[in-house]
Amino acid sequence: MKPSSSKKKLKTLSIHPRGFSLRAQSIEPPPIAWLMEQKLKRPNLISLAAGFTDPETLPVEETGHIVHAWTQHKSQAREILQYGTGSGREHLRILTARRIADLDQMPSTGKTHDPSKVLITHGSQQFLYLVTEALCDPGDIVLIESPTYFVYLSILKYFGIQSRSIPLQPDGMDIQHLEEQLEALKKSGQIKRLKMIYLVSYFQNPTSRNTSLAKKKAMMDLARRYESAAGHPIYLLEDAAYRELSFGQTPPAPSMLSLPGASKRVIYSGTYSKPFATGIRVGFGISPSPLHQTLCHLKGNQDFGTAEFLQAILEKALSSGTYDRHLGVIRKGYAKKSDRMCRMIQRHFPASVSWHPPEGGLYVWARLPQPNQTGPQSALFKASLKANVLYVPGCYAFGDDVLGPERQEAMRLSFGNANLKMIDEGIRRLGEVIQSIMKRTS
């Protein structure tokens, strides 16, 4: 018996995009998904694109020891295989607050480094998502660095939020431009729609730049000055995902949590995934008390709490010293890879390509001279794919309000996942492609 036409119609409507929410209809796949797809299509492709961590140094044995010890204590094992609290394991929150306080050279008993303000999340991206959902309505404004972390740009677009770009200088946001933007928003009356200033303050993705303490203080001062016009706090969302991946002995500047007034307006986002293991998706955030409670409620509606098992692994790794020992290993490894990539760039790239050696993180940001372009539809990108080497086009890291040539001139190169042989060959191939394309445009 054939199904009735009404049943056919019902089935069609249920899968048609018109049956989806407006937000779902407007969502676009993230750029990184498309880039990863290229890798799957081309098994011989050398990817200098994805920000994956080094597979050879993943803490396989260390994690195995932690898990094996639990099998000898069934009561403990049962506890970590059960549901936990929505805000995260208490001891992990204490360890996290203490760790950030130590990095900031601050007492762990202070207002800003209070364990009760720590939320444990499934990676730092979930925390960024929750903060944006809690603070922003469609049409609101967030000020961002230019360039910035392109995954966060996707979150802003998803929520219908306007991004306003502030040029990035070697030591952080251009403060003069930031003040001019704030003043323009005040004069236009749009300052009331401004909710946050977002920055990736340590070994920034994509440029590997650090924000100086002086710039952080200036940003804090400006936020406080314009809050009365906004009619609400202007929050400073400090994304510190790469903070612990420093190559040198001198630690970077303290976070904004160390500044006066931070307890009312600074939101700190961090992660254990990149410094320990990306497959253990555990991030965290520290936020002002009223916001923290809202974030806990939102997270409870999403997942009822971060996986207790993953939290417990990090908790044991931190308390036993395993985490810090592993961190020392990967810092040396990434420093070696970074040095190798920089030497290969010096050897194979034209001298007119601008870049700087990173002091930490996972990336090298390179800019080509005009009129050369690096976008996904450019001759350079297509020729690179043909040569079986992949990079992240710089255009993905700019907000929609950036329309100048700088949007098309840059590329992000990652040394995190590639081994030394792949870095050597990948940069050699890419250098040949750049040389060839630049000869055509000269």
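The values are calculated or read from the model by the stated rules, or taken from the named source; none is laboratory data. The structure presented is a predicted model; accordingly, all values stated were derived computationally and were not measured. Every residue, glycine among them, receives a Cβ derived from its backbone with ideal geometry; neighbour counts consider all protein chains shown.
Per-structure values
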{"quantity": "Residue within the stretch 103-110 that is within 27 Å of S258 (Cβ to Cβ), crowded, with 22+ Cβ neighbours inside 10 Å and among the hydrophobic types (A, V, I, L, M, F, W, C) present", "calculated": "no"}
{"quantity": "Residues satisfying the stated conditions in the stretch 375-392, i.e. out of contact with any Gly (no Cβ under 7 Å at 6 or more places or on another chain) and of a type in the set (V, I, T)", "calculated": "V392"}
{"quantity": "Only one of L45, L13 that is modelled with pLDDT of 85 or more and at negative phi", "calculated": "L45"}
{"quantity": "Contacts under 6 angstrom Cβ, first residue in the stretch 253-268 being in contact (Cβ under 8 Å) with a residue 40 or more places away in the chain, partner surrounded by fewer than 18 Cβ atoms within 10 Å (Cβ to Cβ) and among the polar types (S, T, N, Q), 6 or more apart", "calculated": "A253/S212"}
{"quantity": "Lone unmet requirement of (1) outside the structural domain of Q126 (by TED's automatic domain parsing); (2) touching a Phe, Trp or Tyr at 6+ places or on another chain (Cβ under 9 Å) for P288", "calculated": "(1)"}
{"quantity": "Residue ID - nearest to T96 (Cα to Cα), chosen from residues in the stretch 334-347 that are in contact (Cβ under 8 Å) with a residue 40 or more places away in the chain and surrounded by fewer than 17 Cβ atoms within 10 Å (Cβ to Cβ)", "calculated": "K336"}
{"quantity": "Test: residue in the stretch 158-166 that is of a type in the set (D, E, K, R) and not in a strand (DSSP E or B)", "calculated": "no"}
{"quantity": "Failed item in (1) touching a Phe, Trp or Tyr at 6+ places or on another chain (Cβ under 8 Å); (2) at pLDDT below 90, with I100 passing the rest", "calculated": "(2)"}
{"quantity": "Any pair with Cβ under 7 angstrom, 6 or more apart, that starts in the stretch 364-378 at a residue that is in contact (Cβ under 8 Å) with a residue 60 or more places away in the chain and ends at one that is of a type in the set (D, E)", "calculated": "L368/E409; N372/E409"}
{"quantity": "Condition check for L153: within 14 Å of the chain's Cα centre (by Cα) and closer than 20 Å to L291 by Cα", "calculated": "no"}
{"quantity": "Filter pass, P376 being in a loop (DSSP other than H, G, I, E, B), in contact with a strand residue (DSSP E or B) (Cβ under 6 Å, 6 or more places away or on another chain) and not polar (S, T, N, Q)", "calculated": "yes"}
{"quantity": "Residues that are more than 22 Å from the chain's Cα centre (by Cα) and surrounded by 14 or more Cβ atoms within 10 Å (Cβ to Cβ), drawn from the stretch 43-57", "calculated": "L45, I46"}
{"quantity": "The stretch 128-153, residues that are β-branched (V, I, T) and either closer than 21 Å to I175 by Cα or without any contact (Cβ under 8 Å) to a residue 24 or more places away in the chain (or both)", "calculated": "I141, V142, I144, T148"}
{"quantity": "The stretch 190-220, residues that are closer than 19 Å to S287 by Cα and either in a loop (DSSP other than H, G, I, E, B) or touching a Gly at 6+ places or on another chain (Cβ under 9 Å) (or both)", "calculated": "L199, S201, Y202, K216, M219, M220"}
{"quantity": "Residue match in the stretch 365-374 (condition: within 30 Å of L327 (Cβ to Cβ) and at pLDDT 95 or above)", "calculated": "yes"}
{"quantity": "Exclusive hit being surrounded by fewer than 21 Cβ atoms within 10 Å (Cβ to Cβ), at pLDDT 95 or above and of a type outside the set (S, T, Y), set E359, E406, E315", "calculated": "E359"}
